[in-house]
Amino acid sequence: MAESIVISDIHMDALQEISNIGLGNAATSLAELLNKKVDMSVPNACFFDFEQVFDMVGGLEEVVSCVHLGVEGDVPGTIMFIFSEQSTYNLVDMLMGQDLGSTTGLDNMGESAVAEIGNVLTGSFMNAIGGMTGLKMSTSVPMFAFDMLGAIMSSSMAASGYWDDHVLVIETLFFQNNESIKGHFFLLPETGALNRLFEALGMPAEL
């Protein structure tokens, strides 16, 4: 098994820059997709131990929406974009141009809208990594789930194999008409994948 990477401030600065570029591109893509402006805050990128991820979203029994993709290639792993239940409903209202609070359940159209947002965000992030590093990566067909966080994470663990000790978390905020919606982007790299990413950025695994 590859040694666990030691995350330094220099590593985090590089990942923050990738996040800025990726989600900046995502905001542009969303504007084109929706034919309306959707602002996004500067993303906050950080690393957490796997156990801490649950608390960030609200606990194992918290109902969330999740866009889940497998990543293959030079930096294999799993990507998940997660919104809380209420944030999911608010996001649908924002995307559909409805008053906040109009959506109280998730129908097929709502699922498709949230899944497409996750797909666009993920694609933009992956393109940013590839553009900065030259690494080759591809993603699986996105899967959407609306369930308790514990059930979603259990399914992801069963499908994804071994993960590194660290989970990259990018917190994002969507803005429209003074309303904000928080989402969490999780990159769960397979063991050793982060080493290859930092090496491609010209950084040793340990600093």
>> I'd like the Karplus ³J(HN,Hα) series for the stretch 16-29: coefficients 6.51, -1.76, 1.60, θ = phi - 60°, whole numbers in Hz, and an x wherever there's a Gly or Pro.
In response: 5, 5, 4, 4, 4, 5, x, 7, x, 5, 5, 4, 5, 5
> Which net charge results when you count Lys and Arg as +1 and Asp and Glu as -1 among the other residues whose beta-carbon is under 14 Å from that of residue 99?
Replying inline: -2
> Put a dot 7 Å past each Cα toward the Cβ at residue 175 and residue 56; how far apart are the dots in nm?
Replying inline: 2.2
> Once a ≥ b ≥ c are taken as the square roots of the eigenvalues of the Cα gyration tensor of the stretch 46-105, is the result rounded (a/c under 1.5), prolate (a/b larger than b/c) or oblate (a/b not larger than b/c)?
Replying inline: oblate
> Taking the structure as given and computing Cα extents along the principal axes in Å, which label from (i) 44, 38, 35; (ii) 49, 33, 28; (iii) 38, 37, 28 fits?
Replying inline: (ii)
> Pulled fully out, how much extra length does the chain show between residue 86 and residue 36, if you take 0.36 nm times their separation in residues and subtract their Cα-Cα distance?
Replying inline: 15.8 nm
> If the cut-off is 27 Å between C-alpha atoms, which lysines fall inside it for residue 182, apart from same-chain ones fewer than 8 positions away?
Replying inline: 36, 37
>> Placing +1 on the Cβ of each Lys and Arg and -1 on the Cβ of each Asp and Glu in the stretch 48-155, which of 132, 69, 57 has its Cα farthest towards the positive end of the resulting dipole?
In response: 132
> Among 75-82, 42-49, 97-104, what's the highest-first ranking by average C-beta atoms within 10 angstrom per residue?
Replying inline: 75-82, 42-49, 97-104
> When Lys and Arg each count +1 and Asp and Glu each count -1, what net charge do the other residues less than 15 Å away from residue 175, Cβ to Cβ, add up to?
Replying inline: -1
>> In whole Hz and in residue order, list the ³J(HN,Hα) couplings for the stretch 87-94 that follow from phi through the Karplus curve 6.51 cos²θ - 1.76 cosθ + 1.60, θ = phi - 60°; x for Gly and Pro.
In response: 5, 4, 4, 5, 5, 4, 4, 4
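No lab work stands behind these numbers, since they all come straight from the coordinates. None of the values given here were measured: they were computed from a predicted structure. Positions of Cβ are backbone-derived with ideal geometry, glycine not excepted, and every protein chain shown enters the neighbour counts.
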